[in-house]
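These notes concern the structure reproduced below.
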Amino acid sequence: MGAVDAFVKTFSLILANKKLYLLALILTLILAPMGAYLVPNEIPFEQNQTSIQKGSVIVEEYGSLLNEDEMDVFLQLMKGLAVYLLISIVLSSIFEYSVAKGALAYLAGEERALRDLILDGVRHFPGVFVINVVYSLIAFTFIGIAFIPIVAGVLTLPVGGVLILVGIVLLILIGALVTSLSALAIPLYADRGSIGAAFEAFGLVFRNVLSSMGFGLLVWVGIFGIAMVSAPIAFITELFLTSDAGTYVSALLQAPFNALLSTFIWVAGVAFYRELQRMEELKKVDEELAELGMDF
């Protein structure tokens with residue numbers, strides 16, 4: 001029940017404290033035009049074609065070698081992508097901490113000004129960055145382990161079909177656990193004020209494996225639902241506005257949905273963190289009562 005309670009509480013938290021959504025919206029409105037400018041959707045590369053005559057047969061060869069102008073365009077694209085990723089990582093770290101801190105403050109009955117939350121995020125973004133990098137590496141490692149039976153199954157087909165099925169199930173379950181781990185890390189850091197505290201998420205998740213899996217799967221459902229609403233808007237906008245202006249318009253129209261998605265993920269982590277804390281406290285009470293011989 002912990003996963004469901006946290007999932008439901010996420011939406012009530014966002015609705016009751018719209019400041020959290022506003023923080024994420026500031027982030028997406030900054031990144032939207034920046035991304036449209038630095039990372040274009042279309043790359044003006046043309047495939048090279050050469051014809052070679054072998055006897056009476058003409059063989060056409062298609063290559064992907066870039067001429068000097070295309071190489072310049074490609075390098076500019078890579079530079080733009082690198083700059084955008086750097087800026088988005090820094091800003092996302094700032095606002096992720098701000099939203100988590102704001103949600104924790106609201107649950108504690110405290111009122112925090114928008115400016116104070118952003119300043120908190122600026123002060124703590126290096127810690128958020130380090131935690132997210134470490135958890136990303138852990139996630140890739142866990143998911144890589146889940147792929148082992150899939151690869152083994154592919155190499156031993158048709159007998160390996162069972163291994164592939166097992167691997168897919170394992171991949172889903174591990175992915176759900178990794179989602180819960182990643183969601184808990186920053187709330188722990190924001191609550192305790194220590195980078196080391198972020199890694200207590202492992203204890204919380206593995207002591208509550210079923211709830212953590214359920215929560216991870218529910219987060220996927222929420223992400224899918226928001227994406228299903230925003231994707232048609234982006235498609236229709238870029239379909240009718242094919243100029244450069246269409247890229248900017250599409251990015252700005254998607255910004256509110258991207259903000260909702262970020263707010264949902266970050267607040268869900270806080271809600272699940274508090275729910276796990278409540279469950280841990282109840283377990284301690286049950287253990288103390290059991291020691292006293294007072295089982296209920």
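The values are calculated or read from the model by the stated rules, or taken from the named source; none is laboratory data. Just so we're clear, the structure is a prediction, and the values are computed from it rather than from any experiment. Note that we place each Cβ from the backbone using ideal geometry, even for glycine, and neighbour counts take in every protein chain shown. All accessible areas refer to the heavy atoms of the entire protein, side chains included, with ligands and DNA or RNA removed. Shrake-Rupley method; radii C 1.70, N 1.55, O 1.52, S 1.80 Å.
Points to keep in mind about this one:
- For the set Ser180, Ser12, the ranking by accessible area, highest first and with no ligand, DNA or RNA atoms included, is Ser12, Ser180 under a 1.4 Å probe.
- Prolate/oblate/rounded call for the stretch 95-251, Cα gyration tensor, a/c under 1.5 rounded: oblate
- Charge sum, other residues only, whose C-beta stays under 14 Å from Leu27's C-beta, Lys/Arg counted +1 and Asp/Glu -1: 0
- For Tyr97, solvent-accessible area (1.4 Å; no DNA, RNA or ligand), Å²: 10
- Among Ile148, Ile186, Ile168, the sequence by solvent-accessible area, most first, with a 1.4 Å probe is Ile148, Ile168, Ile186.
- Partners of Lys18 within straight-line reach, counting lysines whose Cα lies under 25 Å from its Cα and excluding those fewer than 8 residues away in the same chain: Lys9, Lys101.
- Using a probe of 1.4 Å on the protein chains alone, the accessible area found for Arg123 is around 150 Å².
- A 1.4 Å probe, protein heavy atoms only, puts the accessible area of Val133 near 60 Å².
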